[in-house]
1. For segment 123-189, with only Lys/Arg (+1) and Asp/Glu (-1) charged at the beta-carbon, what is the dipole magnitude about the Cα centre, in debye rounded to 20?
2. With an 8 Å cut-off on Cα pairs and a minimum separation of 6 or more residues, tell me the relative contact order of segment 63-189 in percent.
3. Does segment 54-101 classify as rounded, prolate or oblate by the C-alpha gyration tensor (a ≥ b ≥ c root eigenvalues; a/c under 1.5 gives rounded; else a/b over b/c gives prolate, otherwise oblate)?
4. Would you be so kind as to identify which of Gly68, Val40, Pro54 lies farthest towards the positive end of the dipole of segment 25-68, taking Lys and Arg as +1 and Asp and Glu as -1 on Cβ and the Cα centre as origin?
5. Rounded to the nearest 20 Debye, what is the dipole magnitude of the chain about its Cα centre when Lys and Arg each give +1 and Asp and Glu each give -1 at the C-beta?
6. Where the centre of each part is set by its Cα atoms, how far does segment 81-96 sit from segment 134-178, in angstrom?
7. Whose amide H sits under 5 Å from the amide H of His179, counting only residues 5 or more places off or on another chain, with H placed in the peptide plane?
8. Identify which of the listed values of Rg and Dmax of the Cα atoms in Å was calculated from the structure shown: (1) 42.7, 148; (2) 17.5, 62; (3) 17.6, 55.
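Since every read-out is calculated from the coordinates, none of them should be taken as a lab result. Source: prediction; values computed, not measured. Positions of Cβ are generated from backbone atoms using ideal geometry, with glycine treated the same way; all protein chains shown enter the neighbour counts.
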Amino acid sequence: MIDTIGTLTRADLQDLTDGDYTAEAAWLLTTLMHHGLVEVDDGQGRLQADAPVPRWLHAALDGVDLRGPEIPGEWATCFAPVDWPALVAAHPDDLRPAVELMELNSSPSWAATCEAVNLLAPACSPRLWVALLVEPTGELSLYALGLIGDGLDAESDSKIIAAVDALLGSERHGTEQLHVNSATDWQLF
């Protein structure tokens, strides 16, 4: 029997299964965390051809740069312009929003996040910054960490920005700290 998977030991797997994770979910998470990405550049990776995720997700992430995990339950982070709302809508049995995590962190709801993407779409190329997760049940989920309005101009697009601020701010109990880096980027966690 193998005693290590990547840098995780059998004891680490036992810790996951002693917690909330089923044995299958613990296997999937550790496999994706330690063997799901092949490094292409410092800190950046691409999905391995044999990563145990659905084929449609392989197709959606083909050639997309991903980062390794940063939060518990996460196997990758994606900043690339992937249409996550469409993927969740098309594959609800295989990928879902991490609703519990959104609620725990007072993040905007998935519906509000998707509405914000739709508000921005006529003016720019919006993209979500997401954490890709394995739930304790083994389901794949995503947690929207940010919304980036590529191509927005803070002055000429101020009405759209204000509408997105109002939408996301109402979901977060205010607009404080919505914008950390720029007026055209929103922090959702």
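1. Working: 3 positive and 10 negative charges, 11 e Å.
Using only the charged Cβ atoms, the result is roughly 60 debye.
2. Values: 212 pairs, mean separation 32.4, N = 127.
Here the relative contact order equals 26 percent.
3. Values: a/c = 1.77, a/b = 1.06, b/c = 1.67.
Note, shape of segment 54-101 comes out oblate.
4. About the Cα centre, the residue reaching furthest to the positive side is Pro54.
5. Values: 8 positive and 30 negative charges, 56 e Å.
So the dipole magnitude of the chain works out to roughly 260 debye.
6. The two parts, judged by their Cα centres, are 17 Å apart.
7. So His179 has HN proximity to Gln187.
8. Label (2) holds the value from this structure.
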